[in-house]
Structures are given as C-alpha cells and as structure tokens.
Amino acid sequence: MSIVGWVLDALDALLDDHQYRERVAIRDGLALAGRWRDRTLTVQGAPLKPSILADYGENPPTEFCWGDGSEASRLTALAVMLWLLPERRARHYADRFHRDVVADLPQADFDRTVPYERWRNRLIARRSGTAQPTGDHLAEMGGSRFAVAEESASDDGE
C-alpha cells in the first residue's frame, strides 16, 4: 500500500470506524478466524467480544457459536455485522450473513476470508431484483457500478 493509501486509511479510521472497516473489507475481504475450543472470534485480526451485542440492546451469549442454524450462531453473525456496519445496515444484512457464511463455517478452528464486496453486491441485487445497487449503496460505493450474475429475486429466502 502506498503512503497516500495508508494516510487515507488512517484518516478514515479517525472519522468513522464502520466506514473504514467496510472499505477494508471491500478491498481485502472480511477476514474471520474462530477458535472452537474457547469459542473466540476475530474479525480483520481484532478480537470480537460477545458484549458488542449488549451495546445494541441484545442479550449477548457468553461465547460465540458457528456452523449451524442456531440462535447463538445467528447472534454471532449479528455481532460481526455490528462490528463492520452501522446498526441499521448490520441488522438488515445479519440474517443473510448468518445463512450464507456463519452457518456454513466448520464447527472447528477456522481462518477464512469472505469476499465481502461480492457477497454484499449479490445480496443487494437479490433484494432489489436487479444487478444495479440501490441509491444508498451507490452513494456508499462512491458512485461505482458493479456486475453480478442474474439470480432469482426469491433466492434469498425472504
């Protein structure tokens, strides 16, 4: 990364943690690592604590869970999304992130990088029934456009 890129990333981090974190996930993917024995999770190398859920009015579990469709696994997905995104968008994306990513993780130690931008763009396309992002997402992406494979609008289970 160039000096200019590093300086811009540092300034972004000072201005808005969520915006900075999402930009990094778009650029590099969303790095997740879990340790099954103690049920700990890191996101982009930073330890994620279940207490993040309490900050948003949820009853946090004592440990994270993944690899199944349980409520505890769903809360793990919500915690990751709350770390990454502003609350409204985090809650909007959490159920799909649970189904697409968290429920499919192995019930064992893992290190995985989720292609976040591709995942998010496919979700937006499915929900809108088009391959074009919504106005909010277009603004967040700085006006950029993306192409996705066509999928059924009912494919996301909602």
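Every number in this text was worked out from the coordinates using simple rules, so none of it is lab data. Every value quoted in this text rests on a predicted model; they were computed, and no experiment measured them. All Cβ positions, even for glycine, are placed from backbone atoms using ideal geometry, and neighbour counts span all protein chains on display.
Take every Cα pair under 8 Å whose residues are at least 6 apart in sequence, average their separation, divide by the length of the stretch 30-114, and the relative contact order is 35 percent. For the peptides 95-101, 79-85, the ranking by packing is 79-85, 95-101, with the highest mean count of neighbouring Cβ atoms within 10 Å listed first. Basic side chains Lys and Arg get +1 at the Cβ, acidic Asp and Glu get -1 at the Cβ, and with that the dipole of the stretch 30-114 about its Cα centre reaches some 160 debye.
Here the gap between Gln107 and Arg88, fully extended at 0.36 nm per residue and compared with their Cα-Cα distance, gives a gain of 4.0 nm. Between Asp28 and Thr42, full extension at 0.36 nm per residue minus the direct alpha carbon distance yields a gain of 3.5 nm. A simple count of charges around Gly69, restricted to other residues whose Cβ falls under 15 Å of its Cβ and scoring Lys, Arg +1 and Asp, Glu -1, yields -2. Cβ crowding within 10 Å ranks Thr40, Thr62, Thr113 as Thr62, Thr113, Thr40, fewest other Cβ atoms first. Shown for Phe64, Phe110: other C-beta atoms within 10 Å of each C-beta, ranked fewest to most, produce the order Phe110, Phe64.
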